[in-house]
1. Counting residues in region 10-176 as N, plug N into 2.2 N^0.38 Å and put the Cα Rg over that result.
2. With a sphere of radius 9 Å drawn around the Cβ of Ile31, what net charge do the other residues whose Cβ falls strictly inside it have (Lys, Arg +1; Asp, Glu -1)?
3. Would you kindly derive the ³J(HN,Hα) couplings of region 263-275 from the backbone phi angles with the Karplus curve 6.51 cos²θ - 1.76 cosθ + 1.60 (θ = phi - 60°), listing them in order in whole Hz, with x for Gly and Pro?
4. Which one of Asn110, Gly57, Ile140 has its Cα pushed farthest toward the positive end of the charge dipole of region 10-176, where Lys and Arg give +1 and Asp and Glu give -1 at the Cβ?
5. Quick check: Cα centre of region 65-105 to Cα centre of region 273-287, how many Å?
6. Which FRET efficiency value, to the nearest 0.05, is calculated for Leu213 and Glu63 with the Förster distance at 35 angstrom and r the Cβ-Cβ distance?
7. Could you size up the charge dipole of region 72-160 around its Cα centre, putting +1 on the beta carbon of Lys and Arg and -1 on that of Asp and Glu, and report it in debye to the nearest 20?
8. For a quick check of your reading of the filter: which trypsin sites (Lys or Arg not before Pro) in region 117-160 sit in a DSSP loop and have no more than 15 other Cβ atoms within 10 Å?
Amino acid sequence: MGRKKKQTIEFRFYEVPQGQSCLALLGEKWIRVYGEADNTLHFHNLFEVGYCRYGNGVMILDEKTSPYETDMFSVIPQNYPHTTNSKIENFWEYFFFDVEEVAKQLYPDNMPKQKEAVAILNKRADLIGAAEKPEIAEIIKRILEEMRDKAPYYKDTTRNLINTLALMIMRMHKSMDAESPTLIERETGADMMSIKPAIEYIEDKYAEEIRALDLANTCSMSETHFRRTFVDIINMSPMDYLNLVRVQKACDTMKRTDHSMEIVAVECGFGNVSTFNRNFKKYLGTSPYQWKKNKENYAGKLLDYNIHALKGW
């Protein structure tokens, strides 16, 4: 009998628009039958919060399948495999934020507290009824409405609401510690967890020189076995995934600074501008210069164009 093929997991790359504290996916576009065309597990580079306006179905969080219905919400860490399936039309709305940026806002100039906050926020994925945690549900709905209405001062209001939400999720995760194992502690056969140390290593050290052997060592695998496992799961080689993350970080850097392309390339782990340009165009279909010149246009394009490994984008 041949080796059982692992389920491919998509990597979906989203960007928080410049000057915003989150990326919101709102409106009729998200009224659909979920999983009808493709129910592949996927994971994001950002923290995802979803709210079910109406409908029912099941949500798969890693290997656990849980039913959901109207007025339930989900909180899902970055790099955590999940998907949503329904047999009827559902209406979910979502927003995504960068946990590291939120941690910096919560604890400026306090690196240990920032790392603690990120660890607690990313500790588990949850699917919860609004009636069970009404205070969290109300904040989530308020953030969605602020992003929809865009009333005066909505950016500042949303930023403060997300900071409050993060603290409430941290408190919830702390209170749940005694009730169930964490993502890291529990026994699991999930393939994604076998390479999660490498995903996290890339997230932390993308600017440094990284070899496939370094990543394999974080997962306690031989390099050959690691490469094969990574491609089986992500459908992308470890080094291609590393370069995709570097491109993402380069976008963030160009939004926040006026650094030259040479500096951006070095800060994001590319050895030279030529390599930077080649990888940037491979994933985003344009040059870094053109992207920086029209970054707002390309941010919208990215949402429809989703970079994910399954399609080879």
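Readers should treat all values here as calculations from the given coordinates under stated rules, not as data from a laboratory. Owing to the predicted nature of the structure, the values given are computational and were not obtained by experimental measurement. Note: ideal-geometry Cβ built from the backbone for every residue, glycine included; neighbour counts use all protein chains shown.
1. Details: Rg = 15.3 Å, N = 167, 2.2 N^0.38 = 15.4 Å.
So the Cα radius of gyration is 1.00 times the expected 2.2 N^0.38 Å.
2. Working: positive: Lys29, Arg32, Arg53; negative: Glu28, Glu89.
So the environment of Ile31 carries a net charge of +1.
3. 5, 4, 4, 5, 4, 9, x, 8, x, 7, 5, 4, 5
4. Value computed over the given set: Asn110.
5. Taking the Cα centre of each part, region 65-105 and region 273-287 sit 31 Å apart.
6. 0.75
7. For region 72-160, the charge dipole is close to 140 debye.
8. Here the trypsin sites (Lys or Arg not before Pro) that fit, given the DSSP loop and packing criteria, are Lys150.
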